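Data first, discussion second: the structure below is written as C-alpha cells.
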Amino acid sequence: MLNEKFIEDIIMVALSTGGDFAEIFAEDRYNTEIMMIGGKVDNGVSGRDFGVGIRIFKGFNSVYAYTNQYNKDALMDMAIKASEAIQGIKQDIVLGFTRYNYKNINPIECPPSKIGNSQKVALMREAHEAADNYSDSISQVTVRYLDYSQNILVANSEGRLAEDERVRTRIAIQSIASKDNEMQTGSYSPGAHMGFEFYDKIDIKQCGEEASRIAVTMLNAGPCPGGKFPVIIDNKFGGVIFHEACGHGLEATSVAKKGSVFADKIGQQVASDIVTAIDDGTIPNAWGSSNIDDEGEPTRKNILIENGILKNYMVDKLNARRMGMNVTGSARRQSYKFAPTSRMTNTYIATGKSSPADIISNTEFGIYAKYMGGGSVNPATGDFNFAVMEGYLVKNGKVDRPVRGATLIGNGPDILHKIDMVGNNLEYGQGMCGSVSGTIPTDVGQPMIRVSKIIVGGGSGVE
C-alpha cells in the first residue's frame, strides 16, 4: 500500500520534534452489508474505505492522527501537525525496515468479493424461510449478512514492517415470536475469519430454526424464580460473562491505570483452581483471530489465568511501557480512525473434566442458562447484570420447565471463585466488542460451567 521510502520519510518527520517512537497504520477495506426484513431486502451497502493513521510516543504520552487522503503532501502535513504535539530532544535515528513474514493461519478459499449479491441474498432467504416456517408463532424474521476484506500495513520506527489481510463473514438471524400481547426474541449469529466457504461448514437452515426455536420456547415459558442459588451456564456464548465481567479487567487498557480489580495481582489466586482462562488470537479461521495484531506483532496464545492463578494480562505497546511488561500481540482497533490498545481476540475458559450430564445431575435446584443475552458491567469493579435469553429451571438433577425473565447479578472476580464445575464441551460464540479503540470482532467461549451460588433476578419468588 505504501512504499518503504515513503514510510521512512513520514516517520522521520513524525519524530522531528523529539518523539521516541512513531508508527504508521494503513488500511484498505471493502465491506458488504445486506439487511432482509420479512423476506425482502430492506437495504444493502457495499463500499471501500481507505485511510492512514500516524501515532507518536514520547515516554508515556502519545498522539494519534489519521486521514483518508492518500498522497504524500497530505500525509506529510499530518505527520508535521502530529509531531508538534510532542516536544523533546531530537535524537539521531537510522531507519531500516525488516519485513515480518508469517505462516497464514487464516486461509481463505472463496473471497466474498467473488460472490455476487444475488447469491448472498439467496442464502439469506434460505435462512429466513427456515426461521419463518418454524412455527405459526413467528411474527417477524430479520436476517443481516456481513462480509469484509481488510488489508492492513503497519510500520514503525523500531524497524517493524508487516502486512495482513483479514476476511470475515457473518450472518445474524433474529426471530420474534408473538402470542396475544406478548413477544419474545431469539437470535443466532455465527461468523468466522473465512470467506464464503464458511457457509459450506454450517447448516444455514438449522441456524434459522435455532433463532426461532429460542423465541418460541421463551414465548411459552413461565416466570423465572428469583433468589440466590446455583446457575449452570452453557458453552459457546455463555462465555460472554467472563469476557465482559473479567476479560476487560485483564486488558492493560484498564490495568495500567489501576482501574481494574486485577491490577497488581499477578501470581495471586483470582479464581477457583479448576478455572483456566485463555485469550488466543491464533485459532485458525476463528472470528477473532488474525496473523498479526494492529501494531504488527504476531498474535499468540496468552494464558491469563491458570488453575486459578493470575498469570498475565493482555498488553499493547504503549501500556507495556507504562507497566514495564512485554507486549502480548493484543493491540487491536476498529479501523485507521482509532489508535490501538489492548483488546481481547478469542477469549475462553478452558475445558474441564465434568460432562454436561454430570453437571446437571449434580444440581438439586438451580437455573440452566442455555443462551445469554445482553448485559452491563462496571469494569472497575466487575459488578454485572446479564439477561438470560433462554433459561430453564433445574430440579432434582434434571432440566425442568423453561423460564423467562431471568437476570444474573453478581461480581466477576467473585464468580470466578464460585465456579465449582467445568465441563468438557468447549465451544465458541461470535460477538462484537466495543471499547476505546472501537468495535471489533471477538470470540467468547467456554464449556458448560456451574456457579455454586449467584443472585438470580426473576419474575416470582423462590420455588
### Summary
Checked against (1) farther than 30 Å from residue 107 by Cβ; (2) small (Gly, Ala, Ser); (3) surrounded by 24 or more Cβ atoms within 10 Å (Cβ to Cβ); (4) out of contact with any Phe, Trp or Tyr (no Cβ under 7 Å at 6 or more places or on another chain), residue 290 satisfies every condition except (1)
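Yes/no matrix, rows are residues, columns are (1) assigned by TED's automatic domain parsing to the domain that holds residue 441; (2) acidic (Asp, Glu); (3) buried (at least 21 other Cβ atoms within 10 Å of the Cβ); (4) farther than 30 Å from residue 55 by Cβ:
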{"position": "306", "(1), (2), (3), (4)": "yes, yes, no, yes"}
{"position": "313", "(1), (2), (3), (4)": "yes, no, yes, no"}
{"position": "316", "(1), (2), (3), (4)": "yes, yes, yes, no"}
{"position": "323", "(1), (2), (3), (4)": "yes, no, no, no"}
{"position": "351", "(1), (2), (3), (4)": "yes, no, no, yes"}
{"position": "355", "(1), (2), (3), (4)": "yes, no, no, yes"}
{"position": "364", "(1), (2), (3), (4)": "yes, yes, no, yes"}
#### Entry: Hits in region 334-368 (condition: hydrophobic (A, V, I, L, M, F, W, C) and either in a loop (DSSP other than H, G, I, E, B) or free of Cβ contacts under 8 Å to residues at least 12 places away in the same chain (or both))
338, 339, 344, 350, 357
### Task
Determine if region 152-159 includes at least one residue that is free of Cβ contacts under 8 Å to residues at least 24 places away in the same chain and within 26 Å of the chain's Cα centre (by Cα).
no
### Scan of region 51-75 for residues that are hydrophobic (A, V, I, L, M, F, W, C) and surrounded by fewer than 16 Cβ atoms within 10 Å (Cβ to Cβ), ordered by number
60, 74
#### Entry: Single residue of 354, 342 found to be of a type outside the set (Phe, Trp, Tyr) and touching a helix residue (DSSP H, G or I) at 6+ places or on another chain (Cβ under 9 Å)
342
### Query
Of the residues in region 305-317, how many are more than 15 Å from residue 417 (Cα to Cα) and not charged (D, E, K, R)?
4
### Message
So, in region 106-144, how many residues would count as being more than 30 Å from residue 292 (Cβ to Cβ), among the polar types (S, T, N, Q) and assigned to a helix (DSSP H, G or I)?
### Response
3
### Number of positions in region 1-44 that are of a type outside the set (Lys, Arg) and under 30 Å from residue 142 (Cα atoms)
15
### Query
Taking residue 143, is it within 25 Å of the chain's Cα centre (by Cα), in the same structural domain as residue 423 (by TED's automatic domain parsing) and buried (at least 18 other Cβ atoms within 10 Å of the Cβ)?
no
### Query
Restricting the search to region 369-384, which residues are touching a residue at least 60 places away in the same chain (Cβ under 8 Å) and surrounded by fewer than 16 Cβ atoms within 10 Å (Cβ to Cβ)?
380, 381
#### Entry: Close pairs from region 402-417: first more than 17 Å from residue 367 (Cβ to Cβ) and outside the structural domain of residue 216 (by TED's automatic domain parsing), partner of a type in the set (Gly, Ala, Ser) and assigned to a helix (DSSP H, G or I), Cβ under 9 Å, at least 6 apart
411/245; 412/245; 412/247; 412/249; 413/245; 413/249; 416/245
### Task
Please note which strands (runs of 3 or more DSSP E) are completely contained in region 212-322 and include at least 2 residues that are farther than 25 Å from residue 387 by Cβ and at pLDDT 95 or above.
277-280, 301-306
### Task
Quickly run through region 182-230 and pick out the residues that are free of Cβ contacts under 8 Å to residues at least 40 places away in the same chain and basic (Lys, Arg).
201
### Query
Since residue 210 meets every condition but one in (1) surrounded by fewer than 20 Cβ atoms within 10 Å (Cβ to Cβ); (2) closer than 22 Å to residue 356 by Cβ; (3) outside the structural domain of residue 311 (by TED's automatic domain parsing), which condition does it not meet?
(1)
### Query
Inside region 421-457, can you point out the residues that are hydrophobic (A, V, I, L, M, F, W, C) and over 30 Å from residue 252 (Cβ atoms)?
421, 448, 455, 456
### Query
Any idea which residue in region 279-307 is nearest to residue 268 (Cα to Cα), counting only those that are without any contact (Cβ under 8 Å) to a residue 40 or more places away in the chain and not acidic (Asp, Glu)?
307
## Note on the structure
Only unsatisfied item for residue 195, checking (1) farther than 24 Å from residue 458 by Cβ; (2) over 23 Å from the mean Cα position of the chain (by Cα); (3) among the small types (Gly, Ala, Ser), is (2)
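The values are calculated or read from the model by the stated rules, or taken from the named source; none is laboratory data. Model, not experiment: these values are computed from the prediction. Quick reminder, even Gly has a Cβ in these numbers, built from the backbone with ideal geometry, and neighbours come from all protein chains shown.
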